[in-house]
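Engineer: Here it is: the structure, laid out below.
The values are calculated or read from the model by the stated rules, or taken from the named source; none is laboratory data. The structure presented is a predicted model; accordingly, all values stated were derived computationally and were not measured. With ideal geometry, Cβ positions are generated from the backbone for all residues, glycine too; neighbour counts draw on all protein chains shown. Heavy atoms of the whole protein, side chains included, go into the accessibility calculation; ligands, DNA and RNA do not. Shrake-Rupley method; radii C 1.70, N 1.55, O 1.52, S 1.80 Å.
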Amino acid sequence: MPTVSVGRDRLFQALGCTYTEEEFEDLCFKFGIELDDVTTEKAIIRKEKHLEEEQPSEDEEVIYKIEVPANRYDLLCLEGLAQALCIFNGLDPIPKYNVASISKESMLKMHVKSETSKVRPYVVCAVLRGVTFDEVGYNSFIDLQDRLHQNICRRRTLVAIGTHDLDTIEGPFTYEALPPPEINFVPLKQTKTFRADELMEFYKSDLKLKKFLHIIENSPVFPVIYDRNRTVLSLPPIINGAHSAITLKTKNVFIECTATDLTKANTVLNTMVTMFSVYCERKFEVEPVEVIYPDGKSYVCPDLSLYQMVVPLSYITSAVGVSLPAHEVARLLNKMQLHAKHSLSEKNETSYTISVPPTRSDILHPCDVAEDVAIAYGYNEIPKIKLPSLKPRSLNQFSDLIRAEIAMVGYVEVLTWILCSHKENFTMLNRIDDKSTAAINGNPRSADFEVVRTSLMPGILKTVGHNKDHPKPIKIFEVGDVVLLNEAKDVGASNRRHLAALYCGATSGFELIHGLVDRIMEVTGTPFVSPGDQTGYYIQSSDEPEFLPGRQASIVYKGKQIGAFGIVHPQVLDNFDIPDPCSFVEINIESFL
């Protein structure tokens, strides 16, 4: 989990109370965070330089290192941490964040050029007016950017934050993508002008910035933001321009976030403006910016509106394990910065309309609401109970029975990865990807984990291919989940439990795997019926590309196709480096329940 370093005295000042180390550790535990270490600025420096430890002097500032949840971006700075703890302690109300009411004509504009789609297509912006920074607040502002870059921004690959002194630049702004030699500016903390390509070479020796160069260095165009006078604001995601650098004297801050992921960009922008609007002349007010895209579409950001979610009281109490009255749940949610208004349905059931503020981007599901109730109530206060004997799901019970029956026929169970390569899932099975079945992994660690399997066949065939020297026949099976796209589900995909079995050997034939199908149907109590009869199952000719034509069949159960079996196509066997003939069956066993 991320660790946030904050000055103890400044934190206690913001909390309006002084704690002993034990008392503050207890407060952190109650809030769901952890006091990881107590140190000093000099001790941190000594540790980094591997120097001998010394006894801290009385004038050294005490630093608290606090572990916070990875998805609580609002807790990554002193301001957010102090605000959350004050609300938790009932000292402050939940702040109401406002977007300044100004006309579109008066808004600052950010014009996006079409070339940016080649490198970083999105940008979101906002303005903090009348800011008053002291040294601690200024350092916290800079530190939050670094922590967000390391966390949700994924080291600037998804989002890069730029902050500028608005009084040194002039709108409207343009977000462009130009060839590196055409970009010239003085970067932050430098005094001479660099071309963008020269800058990439210059920063290869910079310990901090060299790890970000790979993001754009091979791109034919680099993203760049200009103001009306063609002054460079930033070269995202590498460095800002020196001209618009913010200082302690900065009064108006222009914030821009360029990104490859618009959702994360909005989350990052909301975090920045909500945390530091506390220093604005009009507290918690943010000035919007209109972003205009090449197709003429535009939108105003940031969006600080409350997100509504309806959660039944029964869901919360059952998840927490404590029966709580409606007003108590609302009070607990308010401690966690969630507005909660309860109401009764026609069936006399209590539900809550939860208003989620822009600071709580981690609230995605009713279970997150229930978790906050448990934290506010206190995990130590939840009574310990002995759980009743758990009854397994019917699908899991049925899967175990199927496993036992297949094993008794002489097949050995295998367990394969649920992730596979796109090639294994489609091309190597002679299948064509129609883009409507497979869930694609957006950021695979390797080519072996590009998609979630839509069939158990790739894993089974890979197992045989890696064990082809094993004595024949090889008889293996697997009972496991496949994942198929499903727009009816809230996550866009659904799991389906399949059974697959394979017979590999010189005598492998259609009749062997057909006999296994008949055995499976017999133990499930499914009679063989005539085609068209929906009281049992029958087989009919099929034309699946992974099987040999004329030596395959589909299984129809109660009028629906639930599987297929046959002799594996020689080309498919060759793709998986299997020299012997194989027969294979795959059935959707959820259809029997």
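Engineer: Which FRET efficiency value, to the nearest 0.05, is calculated for Lys472 and His514 with the Förster distance at 25 angstrom and r the Cβ-Cβ distance? Could the numbers behind the result be given before it?
Structural biologist: Working: r = 20 Å, r/R0 = 0.78.
Calculated transfer efficiency: 0.80.
Engineer: Measuring from label point to label point, each 7 Å out along Cα→Cβ, what is the Asn139 to Lys347 span in nm?
Structural biologist: So the two model labels end up 5.6 nm from each other.
Engineer: Give a quick list of trypsin sites (Lys or Arg not before Pro) in the range 156-256 that DSSP marks as loop, anything other than H, G, I, E or B, with at most 11 other Cβ atoms within 10 Å.
Structural biologist: Details: sites: Arg156, Lys189, Lys192, Arg195, Lys204, Lys208, Lys210, Lys211, Arg228, Arg230, Lys249, Lys251; in loops: Arg156, Lys189, Lys192, Lys208, Arg228, Arg230, Lys249, Lys251.
Taking the range 156-256 and a limit of 11 other Cβ atoms within 10 Å, the loop trypsin sites (Lys or Arg not before Pro) found are Lys189, Lys192, Lys208, Arg230, Lys249.
Engineer: Ok, one more. Using only alpha carbons, build the gyration tensor for the chain and give me the equivalent ellipsoid semi-axes, biggest first, whole Å.
Structural biologist: Value: 54, 33, 25 Å, ordered largest first.
Engineer: Quick one: grab the alpha carbon gyration tensor of the range 430-491, order the square roots of its eigenvalues as a ≥ b ≥ c, and give me rounded if a/c is under 1.5, else prolate or oblate depending on whether a/b is larger than b/c.
Structural biologist: Here the range 430-491 falls in the prolate category.
Engineer: Taking the Cα centre of the chain as the origin and placing charges on Cβ (Lys, Arg +1; Asp, Glu -1), which of Val99, Gly410, Ile215 is farthest toward the positive end of the dipole?
Structural biologist: Positive-end residue among those listed: Gly410.
Engineer: Separate question: Putting +1 on Lys and Arg Cβ atoms and -1 on Asp and Glu Cβ atoms, find which of Leu401, Tyr379, Leu324 reaches farthest to the positive end of the dipole of the chain.
Structural biologist: Positive-most Cα among the choices belongs to Leu401.
Engineer: Once both labels are modelled 7 Å past Cα along the beta-carbon direction, what's the Glu217-Ser114 spacing in nm?
Structural biologist: 3.1
Engineer: Further, regarding this structure: Could you please state how large a percent of the accessible area of the range 239-356 is carbon and sulfur, counting protein chains only and using a 1.4 Å probe? Don't skip to the answer; put the middle values down first.
Structural biologist: Working: 2800 of 5430 Å².
The C+S portion of the solvent-accessible surface of the range 239-356 is 52 percent.
Engineer: Please state the shape class of the range 371-525: rounded when a/c is under 1.5, otherwise prolate if a/b exceeds b/c and oblate if not, all from the C-alpha gyration tensor. Before the final figure, lay out the partial values.
Structural biologist: Details: a/c = 2.31, a/b = 1.44, b/c = 1.61.
It comes out oblate by the Cα gyration axes.
Engineer: Using 1/(1 + (r/R0)^6) with R0 = 51 angstrom and r between the beta carbons of Leu593 and Arg154, what's the FRET efficiency to the nearest 0.05? Walk me through the numbers before you get to the answer.
Structural biologist: Values: r = 41 Å, r/R0 = 0.80.
Plugging the Cβ-Cβ distance into 1/(1 + (r/R0)^6) gives 0.80.
Engineer: Count charges around Ser508 for me, please; just the other residues with Cβ under 12 Å from its Cβ, Lys/Arg as +1, Asp/Glu as -1.
Structural biologist: Here the charged neighbours net out to +1.
Engineer: Evaluated at 25 °C with a viscosity of 0.890 mPa s, what Stokes-Einstein diffusion coefficient in µm²/s does the range 1-46 have when Rh comes from the Kirkwood expression over alpha-carbon pairs? Please list the in-between numbers first.
Structural biologist: On the way: Rh = 11.7 Å.
Result for D is 210 µm²/s.
Engineer: In addition: Name the shape class, rounded, prolate or oblate, that the alpha-carbon gyration tensor gives for the range 446-593, where a ≥ b ≥ c are the square roots of its eigenvalues, rounded holds for a/c under 1.5, and otherwise prolate holds if a/b is larger than b/c and oblate otherwise. Mind dumping the intermediate values first?
Structural biologist: On the way: a/c = 1.89, a/b = 1.13, b/c = 1.67.
In terms of gyration-tensor shape, oblate.
Engineer: Checking the table Lys192/Lys249; Lys30/Lys386; Lys189/Lys211; Lys462/Lys560 against a 26 Å threshold on Cα-Cα, which pairs fail?
Structural biologist: On the way: Lys192/Lys249 24 Å; Lys30/Lys386 24 Å; Lys189/Lys211 18 Å; Lys462/Lys560 29 Å.
Listed pairs above 26 Å: Lys462/Lys560.
Engineer: Now a separate question. Can you tell me the orientation of helix 326-335 relative to the chain, as the angle in degrees between its alpha-carbon axis and the longest Cα principal axis, to the nearest 10?
Structural biologist: 60
Engineer: Ignoring solvent entirely, what values of log10 I(q)/I(0) come out of the Debye formula for the range 116-248 at 0.10, 0.13, 0.16 Å⁻¹ when each Cα is a single scatterer?
Structural biologist: Normalising to I(0) and taking log10 leaves -0.31, -0.54, -0.85.
Engineer: Which trypsin sites (Lys or Arg not before Pro) in the range 508-593 pass both tests, a DSSP loop state and at most 10 other beta-carbon atoms within 10 Å? Each step should come with its number before you reach the end.
Structural biologist: Details: sites: Arg519, Arg551, Lys558, Lys560; in loops: Lys558.
When the trypsin sites (Lys or Arg not before Pro) of the range 508-593 are filtered for loop state and at most 10 Cβ neighbours within 10 Å, nothing remains.
Engineer: If you average 1/r over all unlike Cα pairs in the range 182-253 and invert the result, what Kirkwood radius do you get in angstrom?
Structural biologist: On the way: mean 1/r = 0.0778 Å⁻¹.
Evaluated on the range 182-253, it is 12.9 Å.
Engineer: Figure the gain on full extension for Ser446 and Asp9 (residue separation times 0.36 nm, minus the Cα-Cα span) and round it to one decimal in nm. All intermediate terms of the calculation are to be shown ahead of the outcome.
Structural biologist: Numbers: separation 437, 0.36 × 437 = 157.32 nm, distance 4.69 nm.
Length gained, Ser446 through Asp9: 152.6 nm.
Engineer: For a Förster distance of 51 Å, can you work out the FRET efficiency between the beta-carbons of Thr191 and Leu401, rounded to the nearest 0.05?
Structural biologist: Working: r = 76 Å, r/R0 = 1.49.
Computed FRET efficiency for Thr191 and Leu401: 0.10.
Engineer: Hey, another quick one. Would you work out the charge dipole size for the chain about its Cα centre, treating the Cβ of every Lys and Arg as +1 and the Cβ of every Asp and Glu as -1, and quote it to the nearest 20 debye? Could the numbers behind the result be given before it?
Structural biologist: Values: 61 positive and 80 negative charges, 220 e Å.
Approximately 1060 debye in magnitude.
Engineer: Going toward the positive end of the dipole of the range 546-588, with +1 on Lys and Arg Cβ and -1 on Asp and Glu Cβ, which of Phe576, Tyr557, Asn588 do you reach last?
Structural biologist: The one lying farthest along the dipole's positive direction is Tyr557.
Engineer: Assuming a viscosity of 1.002 mPa s and a temperature of 20 °C, what translational diffusion coefficient in µm² per second does Stokes-Einstein assign to the range 272-375, Rh being the Kirkwood radius over Cα pairs?
Structural biologist: Details: Rh = 15.7 Å.
Value of D from the Cα-based Kirkwood radius: 136 µm²/s.
Engineer: For the range 346-418, run through the chymotrypsin sites (Phe, Trp or Tyr not before Pro) and keep only the ones in DSSP coil with at most 15 other Cβ atoms within 10 Å of their Cβ. Don't jump to the answer; show the numbers that get you there.
Structural biologist: Working: sites: Tyr352, Tyr377, Tyr379, Phe398, Tyr411, Trp417; in loops: Tyr411, Trp417.
When the chymotrypsin sites (Phe, Trp or Tyr not before Pro) of the range 346-418 are filtered for loop state and at most 15 Cβ neighbours within 10 Å, Trp417 remain.
Engineer: Right, next: Give, in nm to one decimal, the length gained when the segment between Glu522 and Leu415 is fully stretched (0.36 nm per residue of separation minus the Cα-Cα distance). Could the numbers behind the result be given before it?
Structural biologist: Numbers: separation 107, 0.36 × 107 = 38.52 nm, distance 2.50 nm.
This chain segment gains 36.0 nm when fully extended.
Engineer: Accessible area per residue of the chain at 1.4 Å probe, in Å²? Provide the component values of the computation, followed by the final result.
Structural biologist: Working: 29860 Å² over 593 residues.
Heavy-atom SASA per residue in the chain reads 50 Å².
Engineer: Tell me, in nm to one decimal, what length is gained between Ala319 and Ile385 on full extension, where the rule is 0.36 nm per residue of separation less the Cα-Cα distance? Write out the running numbers ahead of the final one.
Structural biologist: Details: separation 66, 0.36 × 66 = 23.76 nm, distance 1.36 nm.
Gain on extension, Ala319 to Ile385, equals 22.4 nm.
Engineer: Follow-up question, since we're still on this one. Please give the direction-averaged projected area of the C-alpha convex hull for the range 55-169, in square nanometres with one decimal.
Structural biologist: Values: hull surface 46.8 nm².
With every direction weighted equally, the projected area is 11.7 nm².
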